[in-house]
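Inspection log for the structure reproduced underneath, given as structure tokens.
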Amino acid sequence: MAQGKILSVASEAVPLVKTGGLADVVGALPAALAPLGWDMRVMLPAYSALRPLLDGFTPLTQELNLFGGPAQIYGGAHEGLQLYLLDAPHLFDRAGGPYNDSYGDYGDNPFRFAALSWMAAKLGAEGAGGWQPDILHLHDWQAGFAPYYLRKMGGTAPVKSMITIHNIAFQGWADARHLADLRLEPEDFHAGALEYYGGLSSLKAGLIYADHITTVSPRYAEELMRPEFGLGLEGVVAARARDVSGILNGVDETLWSPEIEPIAFSSTKMAGKAKARAALCAEFGLDVAGPLAIVVSRLTDQKGIDLIPQVADDFVAQGGGMVILGSGAPDMEAAMRAMANRHPTRIGLHIGYSEALSHRLFAGGDAILVPSRFEPCGLTQLYGLRYGTLPVVAATGGLADTVINASPASIAAKSATGISFHPTDALGLRQALARLVQLYADRPLWAQMQRNAMRQPVGWGPSAAAYGRLYDQLLARPSA
Ligand code: ADP
């Protein structure tokens, strides 16, 4: 009953490689789309940690010299995903993360991800191993050049392309002197095509050349057309407004459900949540009578993390406590340490990245703080809803689309699921936390809000259906 074949092209995917929400989404989409008849396969670079998989995979398309060395696509299956791994050791076989090592971003990132985009376009134009996609679904700047390359390659089949913006702050900038080396044509170096403030942006290229653009929430889709959120690309997005859709990310409920946690609970059996809270407090040596707020986040300016130390003393004075899991900017890590040291029995801190610990936080916390300055979709507030760990969020992007603020009207209608505040500043967060303390003290109301939150559908069902409708529309469209 296959309705179509989609090649999803990205730099990360759960369970193979993850630095943020992009990986959750790319990893979850194939299984969400399969029941609707879509055969989605995922293409990723073969980073060092993934190269052992190649032994069991089939070698497919190759290129003798892809930006300085040989490259080959390998196809195979792993943990339920149908994968195409791009092996190009000169670009991807290195110690460090997908984008950087301890010295900073890799200097050749434009070439590394142009290589991914090139081979994705080639797979689109020519197929490989008897499989040819109908649509390339590209994610973020790392796959941004693929629609351009696809057009230049032509190919036998009218393959369509769609790009999803997960975060417009990362634009894939490259110096214009690399134009020819990146296999881009000089005649396309103008403001209406590849040129971007005198240089190149692979994300801009994707936004110009893809047949359709999506982003990960309806609110962010609107915000992106304004300078404060579009960050230089607002005009490009606005010019294509008719081809822009906002589709919320979902939660992969096979991984994120309180029913499957070691200390299990559900909206009708909440005793486990109290046990999980006690276990979390014991793990961090905390004694907290008021709300226990958690943070699971990259520690960056985007996430508004700098606001938390400014309001923590007040929150603690009102009975609150916190457990923070994250890593990132050294100054923010230092501020977090100082804050935790001031309140050893009220604030727990783990600097680092731990999937297992994050589950214990979502299960044991009362509330999750997401004070982002901008947030394309955000996943942690969705996990919070699913676990009855009520979100306290800045009213922006996907946070505004997914959390129903506890107002008198929403409380009366039994629809409130959290607290949202605006603007994103210390005063806003301070007031939101004072509100959290009040709401938490009203136990019947709090329990009602937890039920509301846990019943809010946050799975992939509706969003997968929305992607499916877009794919259908793309396939029905005549080729450009
Ligand atoms: P972003 O992709 O901008 O970082 P999202 O909310 O979309 O933000 O996704 C972040 C993902 O990364 C979530 O799955 C979150 O649980 C996870 N995450 C972030 N920081 C950590 C950490 N320190 N340890 C474990 N998981 C983390």
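Quick look at the values:
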item	result
Gain upon complete extension [GLU185, ASP301; 0.36 nm per residue less C-alpha separation]	38.1 nm
Dipole-positive endmost among LEU200, TRP173, VAL244 within the chain (Cβ charges, Cα centre)	VAL244
Volume per residue that the Cα convex hull of the chain spans, once the total is divided by residue count, Å³	149
Sequence-separation-based contact order of the chain, relative, with Cα cut under 8 Å and 6+ spacing, percent	12
Quotient of Cα Rg and 2.2 N^0.38 Å for segment 277-389, N being how many residues it contains	0.96
Relative contact order computed over segment 414-454 (Cα-Cα under 8 Å; 6+ residues apart), in percent	58
Long-range lysine pairs (8 or more apart or interchain), the chain, Cα under 23 Å	12
Loop-located trypsin sites (Lys or Arg not before Pro) in segment 365-440 whose Cβ has at most 15 other Cβ within 10 Å (DSSP)	LYS414
At 1.002 mPa s and 20 °C, Stokes diffusion of segment 77-170 via Kirkwood alpha-carbon radius, µm² per second	148
Fraction of antiparallel bridges per DSSP, the chain only, in percent to nearest 5	30
Residue-count net charge about SER358 - beta-carbon cut-off 14 Å; Lys, Arg +1, Asp, Glu -1	-1
Cα-Cα pairs of segment 407-466 separated by more than 15 Å (percent)	59
Spatial separation of Cα centroids for segment 41-66 and segment 394-453, in angstrom	46
Computed Rg/Rh of segment 236-303, alpha carbon atoms with Kirkwood Rh	1.18
Net charge of neighbours whose Cβ lies under 13 Å from the Cβ of THR268, counting Lys and Arg as +1 and Asp and Glu as -1	+3
Filtered trypsin sites (Lys or Arg not before Pro), segment 287-357: DSSP coil and at most 14 other beta carbons within 10 Å	none
Bins of 5 Å, starting at 0 and running to the largest distance - Cα pair percent for segment 100-249	2, 10, 19, 22, 19, 15, 9, 3, 0, 0
Rounded to 5, the percent of DSSP beta bridges in segment 136-225 classed as antiparallel	35
Mean Cα-pair separation over length for segment 1-155, i.e. relative contact order, pairs under 8 Å, 6 or more apart, %	25
Formal net charge of residues neighbouring GLU253 (Cβ-Cβ distance under 13 Å; K, R +1; D, E -1)	-3
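Read the figures in this text as sums done on the coordinates, not as results from a lab. Bear in mind the structure is a predicted one, so any value in this text is a computation, not a measurement. In this analysis, Cβ positions are derived from the backbone assuming ideal geometry, glycine residues included, and neighbour counts consider all displayed protein chains.
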